[in-house]
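Input: a single structure, listed below in structure tokens.
The values are calculated or read from the model by the stated rules, or taken from the named source; none is laboratory data. Keep in mind that this is a model prediction, so the values were computed, not measured. As a convention, Cβ positions derive from the backbone with ideal geometry for all residues, glycine included, and neighbour counts pool all protein chains shown. Please note that ligands, DNA and RNA were not included when accessible areas were found on the heavy atoms of the full protein model with its side chains. Shrake-Rupley method; radii C 1.70, N 1.55, O 1.52, S 1.80 Å.
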Amino acid sequence: MQEEIQKEKQVPSCVGIIMDGNRRWAKEKGLSSIDGHTRGYEKLKEVVEWMREIKIPNLIVYAFSTENWGRPKEEVSFLMKLLRKILSEQIEDFNKKGVRLIFAGDIKRFPEDIQKLASDAEEKTKNNKEHTLVLCISYGGRTEILHVVNNLLKERTKGKIKEKEEFGDNLISEEEFSQALWTKDVPDPDIIIRTSGEKRLSGFLTWQSVYSELFFPKTHWPAFSKEEFLDILKEFSSRERRHGK
């Protein structure tokens, strides 16, 4: 099926994934939440490989939401440890495989060492051209939109946004808004997948998802298979995408 998808040029330019179900998977296995997150991290590494094999240029994953800060301290502490592990151990591998890493979210909420690791990771991978992986951490769609609005207001106050005579006032265009998003360097997702069966986006890419094709497999994230992923890509190719036209 993978060869068929590639041959017929049915590969999306960008896929978004809400990696849901780590804790539920762990509970069903009689394991701890930490075990679930560890397995979820391993699954993400697998999916990055699928992305490379299928030649999907861009992948955006929801790794840690603004609401996740309210989880038990032990769990949040482990997630910070896991993030440090990714930023310390995966960058060399990303460079070998041509994967650029971008972070989307309120990074300033993280400890200073993680902020520094994230900044260094973006810098070290910025010249990789084959694939882009966007990690949404401390991310929320409304938070992102407020971030954009506040930044554009600051730019306007400084006189950097000129009056648009065709509108008669200082309206902001969709293009300008999109270029101020945390995800400005990647296209809007053609597909958004949320594992574990919940049928909502929970603030994931609120602006960018308006024309995304949505898929809600019931499989928990750690158990999500390549076969399921290819089935989603196959169904995506059969959908007529009119973008409101």
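Rounded to the nearest percent, how much of the accessible area of the stretch 25-64 (1.4 Å probe, protein heavy atoms only) is carbon and sulfur?
50
Using packing as a proxy for protection, rank 106-116, 40-50, 214-224 so that the peptide with the highest average count of other Cβ atoms within 10 Å comes first.
Descending packing order for the listed peptides: 214-224, 40-50, 106-116.
If R₀ is 30 angstrom, what is the calculated FRET efficiency for the pair Thr219 and Arg156, using the beta carbon separation as r and rounding to 0.05?
0.05
State the dimensionless ratio Rg/Rh of the stretch 205-245 (Rg: radius of gyration of Cα atoms; Rh: Kirkwood radius).
Rg/Rh for the stretch 205-245 comes to 1.04.
Charges only on Cβ, +1 for Lys and Arg, -1 for Asp and Glu: so what's the dipole of the chain about the Cα centre, in debye to the nearest 20?
That gives the chain a dipole magnitude of about 400 debye.
Looking at this model, which pairs from Lys45/Lys184; Lys81/Lys199; Lys129/Lys199; Lys73/Lys97; Lys73/Lys154; Lys97/Lys199 are more than 27 angstrom apart at the alpha-carbon?
Lys81/Lys199; Lys129/Lys199; Lys73/Lys97; Lys73/Lys154; Lys97/Lys199
Taking only Cα atoms and a 10 Å spring cutoff, compute GNM fluctuations for the chain and point out the largest among Met51, Met80, Met19.
With Cα springs under 10 Å in the chain, the top fluctuation among Met51, Met80, Met19 is at Met80.
Can you tell me which aspartates and glutamates have their Cα less than 18 Å from the Cα of Lys108? Leave out same-chain residues fewer than eight positions away.
List returned: Glu67, Asp120, Glu122, Glu123, Glu144.
Cα-based Rg (one decimal) and Dmax (whole number) for the chain, in Å?
In order Rg, Dmax, the Cα atoms of the chain give 18.8, 64 Å.
Mind computing the radius of gyration and Dmax over the alpha-carbon atoms of the stretch 79-165? Å is fine for both.
Calculated on Cα positions, Rg and Dmax stand at 16.0, 51 Å.
Under the rule of -39500 (n - 2.57) per DSSP H run of 4 or more residues, summed and divided by the residues of the chain, what mean residue ellipticity at 222 nm is obtained, to the nearest 500 deg cm²/dmol?
It comes out at -13500 deg cm²/dmol, rounded to the nearest 500.
If r is the Cβ-Cβ distance from Glu228 to Lys55 and R0 is 22 Å, what FRET efficiency results, to the nearest 0.05?
About 0.70, to the nearest 0.05.
How many nm separate the modelled label positions at Ser202 and Glu112, each set 7 Å beyond the Cα in the direction of the Cβ?
3.2
Positive end of the charge dipole of the chain (Lys, Arg +1 and Asp, Glu -1 on Cβ, about the Cα centre): tell me which of Asn95, Leu44, Val186 has its Cα farthest that way.
Leu44
Using Cα positions and a limit of under 18 Å, work out the aspartates and glutamates in reach of Lys116, with same-chain residues fewer than 8 apart set aside.
Counting by Cα, and skipping residues close in sequence, Lys116 has these aspartates and glutamates nearby: Glu89, Glu92, Asp106.
State whether the stretch 1-126 is rounded, prolate or oblate according to the following rule on the C-alpha gyration tensor (a ≥ b ≥ c being the square roots of its eigenvalues): a/c under 1.5 gives rounded; otherwise a/b larger than b/c gives prolate, and the remaining case gives oblate.
oblate
Among Val99, Val61, Val210, which one shows the biggest mean-square fluctuation in a GNM of the chain, springs joining Cα atoms closer than 10 Å?
Ranking Val99, Val61, Val210 by mean-square fluctuation puts Val210 first.
Starting from 0.36 nm per residue, how many nanometres of slack lie between Leu146 and Glu235 once their C-alpha separation is accounted for?
28.6 nm
Taking every pair of distinct Cα atoms and averaging 1/r, then inverting, what Kirkwood hydrodynamic radius in Å comes out for the stretch 75-122?
Evaluated on the stretch 75-122, it is 11.3 Å.
Around Gly98, under 10 Å between beta carbons, what's the net of Lys plus Arg minus Asp minus Glu among the other residues?
Neighbour charge sum, excluding Gly98 itself: +4.
What does the charge count near Trp182 come to, summing +1 for each Lys or Arg and -1 for each Asp or Glu among other residues with Cβ under 14 Å from its Cβ?
Taking every Cβ under 14 Å from that of Trp182, the sum is -1.
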